[in-house]
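What follows is a short report on a single structure.
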Amino acid sequence: MTSHAPPPPSSSAAANPAAESVPAGAWRALVLATLGFGVTFWAWALLSPLGPVYVSQGLAADASLIVAIPVLVGSLGRIPIGALADRFGGRMMFPLIALVTVVPVLFLGLVGQYTYSTLLIGGFFLGIAGTSFAIGVPYVNSWFPPAKRGMATGLYGVGMGGTAISAFTTVPLASSIGSSVPFILTAVVLVVYAILCWFLMRNAPGWTPSKRNIIQQSMAVMALKVTWQACYLYALSFGGYVAFSVFLPTMLQNWYGLEATDASFRMAGFVIVAVIMRPLGGTLADRIGASTTLLASYGAVALAALVLVFQPELMPIGTVVFIVMAAGLGLGSGAVFALVAQTSEPSVVGSVTGFVGAAGGLGGFVPPLVMAAVYAASGTYSIGVAALLLATLGAIVVTVFVARGSRAAAG
């Protein structure tokens, strides 16, 4: 299999409106998949807002490892889960992941949040929730025609707003009602969602399960150049989003002296902006091309990082910079999977998504650890932000090469 550009407007698919029509049930499938993405990401992000709380309680000297372990496991787990999604479909995999996630959520809420070692153990298994992303992209992709897949996967990406639910509710619920309440509530929602999926979710009429050996399929996907190009681009866009969503509260507290609650609410605002921009990124990729959209998104991220290096005052410049950063990262996250949909065969989209999603998660795992180390050594985050700027410039170069390759394939 080779990567290829989307067909030109004169192709038979474009000439036949029926080929580009949305089948009955597609929108319901998109809503259910997005809900699944949202509730599992809500669970996946439960430890992030509580990191500073655990530090204040003396459970850990630094919360970076506590919040980073679920990100690492959820990221690497997307590779096998993406291949399993190609084999078994979203109808089976979504409720399965939701029910499996209930176990570490209840463990952390009832037992695991009171010692450092059990927080790490619970966080490791909580990472399973983060693998759901690799299920939804191929599932949604199978329901929608090529010309609308960027829009559909972008809308599906709104589910990453589950981290905002966690940011808004976890600390207030834990402090006002009880430390176990956020976890119990999340577990109940996961069970309700799994039941809802079982009765309402269906695989696409034209979907056929992949019969290839999972290891062989993964090796074939690894041989594709577009897999690694998309991995780098998503590691920056979605990885940057994850990194800021888990580390921003700590950064705002250390750099600007904010209280934990205020920092969590500002982080939630960052998440909301990125979530809103993600479907726009997918839609623009359908209309003006994924490469052009990615160049715009990385340009915004680079500009924001350049200003942030100098640690501007939080109001108003710093706040505006963080909003621009969130918008650029959200826009890029939506456009990357439009690129995947345009350049990958439908039977391996799950496998490609697994690798790309893993890269995105790893992109969110490493920066918080680097930022914590940089701050401990220098007392500032400027060096870490400068590294983000360099990585963004690299993404611009990769995007230019992707655009050239697409034009050459089209020619």
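Stokes-Einstein D for the chain at 20 °C, 1.002 mPa s, Kirkwood Rh over Cα pairs, in µm²/s?
The estimated diffusion coefficient comes to 102 µm²/s.
Given 0.36 nm per residue, what is the gain on full extension from residue 62 to residue 366 after removing their alpha carbon distance, in nm?
107.9 nm
Between residue 27 and residue 192, how high is the FRET efficiency from 1/(1 + (r/R0)^6) when r is the Cβ-Cβ distance and R₀ = 25 Å? Nearest 0.05.
My answer for the efficiency is 0.75.
Using θ = phi - 60° and the Karplus relation 6.51 cos²θ - 1.76 cosθ + 1.60, list the HN-Hα couplings for the range 238-243 in order, rounded to whole Hz, with x at every Gly or Pro.
Taking θ as phi minus 60°, the curve returns 6, x, x, 4, 4, 4 Hz for the range 238-243.
With a 1.4 Å probe and all protein chains kept in place, how much accessible area does residue 143 have, in Å² rounded to the nearest 10?
Number for this one is 20 Å².
Work out the length of the dipole vector of the chain about its Cα centre, built from +1 on the beta-carbon of each Lys and Arg and -1 on the beta-carbon of each Asp and Glu, and round it to the nearest 20 debye.
Using only the charged Cβ atoms, the result is roughly 1020 debye.
Determine one quarter of the surface area of the Cα convex hull of the range 190-295, which equals its mean projected area, and express it in nm² to one decimal.
Orientation-averaged projected area of the Cα hull: 11.3 nm².
Please state, rounded to one decimal and in Å, the Kirkwood hydrodynamic radius that the range 273-400 gives when every pair of distinct Cα atoms enters the mean of 1/r.
Computed over Cα pairs of the range 273-400, the Kirkwood hydrodynamic radius comes out at 15.5 Å.
Rounded to the nearest 10 degrees, what's the angle between the helix 181-200 long axis and the longest principal axis of the chain, both from Cα atoms, 0 to 90?
Here the helix axis deviates by roughly 20 degrees.
For residue 100 and residue 287, what does the FRET efficiency come to when R0 = 41 Å and r is the distance between their Cβ atoms, rounded to the nearest 0.05?
For residue 100 and residue 287, the calculated efficiency is 0.60.
Just from its helices, what would the mean residue ellipticity at 222 nm be for the chain, if runs of 4 or more DSSP H residues each count -39500 (n - 2.57) and the sum is divided by every residue, rounded to the nearest 500 deg cm²/dmol?
Helix contribution divided over all residues of the chain: -26000 deg cm²/dmol.
Over all alpha-carbon pairs of the range 151-244, lay out the pair-distance distribution in 10 Å bins, whole %, shortest bin first.
All Cα pairs, binned at 10 Å, distribute as 11, 23, 33, 25, 8, 0 percent.
In Å and from the alpha-carbon atoms only, list the Rg and Dmax of the range 89-184.
16.2, 50
Based on Cβ point charges of +1 for Lys and Arg and -1 for Asp and Glu, what charge dipole magnitude is obtained for the range 194-348 about its Cα centre, in debye rounded to the nearest 20?
600 debye
Determine ³J(HN,Hα), in whole Hz, for all residues of the range 294-299 in sequence, where each value follows from phi through the Karplus function 6.51 cos²θ - 1.76 cosθ + 1.60 and θ = phi - 60°; x replaces Gly and Pro.
5, 4, 5, 5, 6, x
Counting residues in the range 30-129 as N, plug N into 2.2 N^0.38 Å and put the Cα Rg over that result.
Taking N as the residue count of the range 30-129, the ratio is 1.13.
Could you tell me how far the Cα centroid of the range 137-195 sits from the Cα centroid of the range 319-352, in Å?
Measuring centre to centre over Cα atoms gives 18 Å.
Among 101, 115, 250, which residue has its Cα furthest toward the positive end of the charge dipole of the chain, with +1 on Lys/Arg Cβ and -1 on Asp/Glu Cβ?
101
What accessible surface, in Å², does a 1.4 Å probe find on residue 148, ignoring ligands, DNA and RNA and rounding to the nearest 10?
Its heavy atoms expose roughly 70 Å² to the probe.
The values are calculated or read from the model by the stated rules, or taken from the named source; none is laboratory data. Keep in mind it's a predicted model, so treat the numbers as computed, not measured. Note that each Cβ is placed from the backbone with ideal geometry, even for glycine, and that neighbours are counted across all protein chains shown. Side chains included, ligands, DNA and RNA excluded: accessible areas come from the protein's heavy atoms. Shrake-Rupley method; radii C 1.70, N 1.55, O 1.52, S 1.80 Å.
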